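A.B. asks: First, the structure itself, so that you have it in front of you.
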Amino acid sequence: EKTLVQKGATIGANATIMCGVTIGAYAVVGAGCVVIGNVPSHTIAVGNPARLVGYACRCGRTLNDELKCACGASYQISNNTIVPL
């Protein structure tokens, strides 16, 4: 199966990505993670197995609880996906 890493995604050192998984645009996968399922766009995944722990801006910073970034970008959750405003 094909594994897809979309634009702007970041994968930490020694992460293991199972085949057939999609890493969404601007997602962040932590070092040493074991990813067994898809990682949605703009999310942060860590651990073994990887689990979602937060949201990431396209600049790479973590979004706050209001889905705003220090760079000035804002996001919202729509249809269970995070989208820029």
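The values are calculated or read from the model by the stated rules, or taken from the named source; none is laboratory data. The model shown is predicted, which means the values in this text are computed figures rather than measured ones. Here the Cβ positions follow ideal geometry from the backbone for every residue, glycine too, while neighbour counts run over all protein chains shown. With ligands, DNA and RNA removed, areas are computed over all heavy atoms of the protein, side chains included. Shrake-Rupley method; radii C 1.70, N 1.55, O 1.52, S 1.80 Å.
A.B. asks: With only Lys, Arg, Asp and Glu charged, each at its Cβ (+1 for the first two, -1 for the last two), find how big the charge dipole of the chain is about the Cα centre; round to the nearest 20 debye.
C.D. replies: 140 debye
A.B. asks: Right, here's the next one. In sequence order, what are the phi-derived ³J(HN,Hα) couplings for segment 57-72 according to the Karplus relation 6.51 cos²θ - 1.76 cosθ + 1.60 with θ = phi - 60°, rounded to whole Hz, with x for glycine and proline?
C.D. replies: Taking θ as phi minus 60°, the curve returns 7, 5, 7, x, 7, 6, 7, 7, 5, 8, 6, 10, 10, 5, 7, x Hz for segment 57-72.
A.B. asks: Next question, about the same structure. Using +1 at the C-beta of Lys and Arg and -1 at the C-beta of Asp and Glu, which of 8, 77, 22 has the Cα lying farthest in the positive direction of the dipole of the chain?
C.D. replies: 8
A.B. asks: At 1.4 Å probe size, with every protein chain present, just tell me what the per residue accessible area of the chain comes to in Å². Walk me through the numbers before you get to the answer.
C.D. replies: Values: 5230 Å² over 85 residues.
That works out to 62 Å² for each residue.
A.B. asks: Also: Check which residues have an amide H placed less than 5 Å from residue 11's amide H, if you skip close sequence neighbours.
C.D. replies: The list, which skips near neighbours in sequence, is 29.
A.B. asks: Further question: With the full set of protein chains in place, find how many percent of the accessible area of the chain is carbon and sulfur; take the probe as 1.4 Å.
C.D. replies: Answer for the chain is 50 percent, counting heavy atoms of protein chains only.
A.B. asks: May I ask what percent, to the nearest 5, of DSSP beta bridges between residues of the chain are antiparallel?
C.D. replies: So the antiparallel bridges in the chain amount to around 55 percent.
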